[in-house]
């Protein structure tokens, strides 16, 4: 392991747990302005003294502005560090950090405030290497978990030399340090049903049951689920809302489905399987969120080799099904990698956690990748 990686990782790890505790102590469900602002205040206290911070418009209207922290140098390369501050956890279910053995359990620990803490630590480590880059920027957005608007930052950073995203890391089956070089495209489909209300006891057959039509539509979408197929397509109905009274045939409703595949064409093809009408109920499918896929496998091959040399243990490119903002940048920044955050588990679950040891080991990985990206 190179001396800079080893020494910088020690410094990051020494501060990581209290910094993560401070960030996780803030409940910041996606779209909550007050929570986002509180998270930004924590992060602004953790950036290096030489960094210049600014607030830029969030991609999603009515959200708090996103945070950008910039370090300028005298070199040539430009690196973007990427993370998000929002979680999927409502205020009522929020958990501050509790330690259970080697686990730090808390809302957003692994998705992705643990990664944010490592990204902030990397930015501080780079303060001493300003001759090696022209600019390093850390972008922390406030709307990653539930964004339906177009992503607004690609033009700002397009053409930079590397994008390094700090979503959760992992180990490979043979013990290598995994970083994400491939992600699926992702789409959220909303299907709205329009039927006819009727008394469910006196005249049920006069109604047109929106709930039953949406249930059939859900089955049609689920029938396309084929994760082992050529497009690795997953099609999962996730939310069904219909009906307002127990004795009325429901005349309206809405169904949401999460669809992921290797490319956007396969995602969009699922929409075509939804019938225009079922038993007199009209169905209106609409793609309300569409994120591109990411394939940086070829572009990052040399980077992984240099990272392995800097780290002193294997750094391996892996694929992951979940969506990430790294995918938006991959089309504009060829050298885009993800999964540089700490290892943990149970994202989007009450027991979400980060491994204490991983705050150190994955800081080493992130620093090795940064070192390789600057080479």
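The values are calculated or read from the model by the stated rules, or taken from the named source; none is laboratory data. Source: prediction; values computed, not measured. Every residue, glycine among them, receives a Cβ derived from its backbone with ideal geometry; neighbour counts consider all protein chains shown.
Numerical summary
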{"quantity": "Yes/no for residue 339 being within 23 Å of residue 141 (Cα to Cα), touching a strand residue (DSSP E or B) at 6+ places or on another chain (Cβ under 6 Å) and modelled with pLDDT of 95 or more", "calculated": "yes"}
{"quantity": "Residues of segment 124-146 satisfying the condition of being surrounded by 21 or more Cβ atoms within 10 Å (Cβ to Cβ) and more than 20 Å from the chain's Cα centre (by Cα)", "calculated": "125, 126, 133, 136"}
{"quantity": "All positions within segment 122-159 that are within 23 Å of residue 5 (Cβ to Cβ) and part of a helix (DSSP H, G or I)", "calculated": "122, 123, 124, 125, 126, 127, 128, 129, 130, 131, 132"}
{"quantity": "Among residues of segment 310-323, those that are out of contact with any strand residue (DSSP E or B) (no Cβ under 9 Å at 6 or more places or on another chain) and either closer than 17 Å to residue 174 by Cα or free of Cβ contacts under 8 Å to residues at least 12 places away in the same chain (or both), counted", "calculated": "1"}
{"quantity": "Residues (more than 20 Å from residue 8 (Cα to Cα), in contact (Cβ under 8 Å) with a residue 60 or more places away in the chain and not in a strand (DSSP E or B)) located in segment 40-57", "calculated": "40, 57"}
{"quantity": "Some residue of segment 4-14 being touching a strand residue (DSSP E or B) at 6+ places or on another chain (Cβ under 7 Å) and in the same structural domain as residue 151 (by TED's automatic domain parsing)", "calculated": "no"}
{"quantity": "Test set (1) touching a residue at least 60 places away in the same chain (Cβ under 8 Å); (2) in a loop (DSSP other than H, G, I, E, B) - residue 349 fails condition number", "calculated": "(1)"}
{"quantity": "Within segment 78-93, considering residues that are touching a helix residue (DSSP H, G or I) at 6+ places or on another chain (Cβ under 6 Å) and part of a loop (DSSP other than H, G, I, E, B), the one surrounded by the fewest Cβ atoms within 10 Å (Cβ to Cβ)", "calculated": "88"}
{"quantity": "Qualifying residue in segment 178-191 (condition: more than 30 Å from residue 278 (Cα to Cα), free of Cβ contacts under 8 Å to residues at least 40 places away in the same chain and not assigned by TED's automatic domain parsing to the domain that holds residue 234)", "calculated": "no"}
{"quantity": "Unmet criterion (only one of (1) surrounded by fewer than 24 Cβ atoms within 10 Å (Cβ to Cβ); (2) modelled with pLDDT of 95 or more; (3) at positive phi) for residue 202", "calculated": "(3)"}
{"quantity": "Residue, surrounded by the most Cβ atoms within 10 Å (Cβ to Cβ), within segment 320-340, restricted to residues that are in a strand (DSSP E or B) and in contact with a helix residue (DSSP H, G or I) (Cβ under 9 Å, 6 or more places away or on another chain)", "calculated": "338"}
{"quantity": "Test: residue in segment 341-350 that is over 15 Å from the mean Cα position of the chain (by Cα) and buried (at least 17 other Cβ atoms within 10 Å of the Cβ)", "calculated": "no"}
{"quantity": "Residue in segment 299-307 that is in contact (Cβ under 8 Å) with a residue 24 or more places away in the chain, surrounded by fewer than 21 Cβ atoms within 10 Å (Cβ to Cβ), within 22 Å of residue 198 (Cβ to Cβ) and in contact with a helix residue (DSSP H, G or I) (Cβ under 6 Å, 6 or more places away or on another chain) present", "calculated": "no"}
{"quantity": "Which listed residue is assigned to a loop (DSSP other than H, G, I, E, B), at pLDDT 95 or above and surrounded by fewer than 18 Cβ atoms within 10 Å (Cβ to Cβ), from 60, 27, 96", "calculated": "96"}
{"quantity": "Of the criteria (1) at pLDDT 95 or above; (2) under 23 Å from the mean Cα position of the chain (by Cα), which one residue 277 fails", "calculated": "(2)"}
{"quantity": "Sole exception among (1) outside any strand (DSSP E or B); (2) more than 18 Å from residue 237 (Cβ to Cβ); (3) touching a helix residue (DSSP H, G or I) at 6+ places or on another chain (Cβ under 8 Å) for residue 317, by number", "calculated": "(1)"}
{"quantity": "Residues (surrounded by fewer than 17 Cβ atoms within 10 Å (Cβ to Cβ) and either in the same structural domain as residue 322 (by TED's automatic domain parsing) or in a strand (DSSP E or B) (or both)) located in segment 277-286", "calculated": "277, 282, 284, 286"}
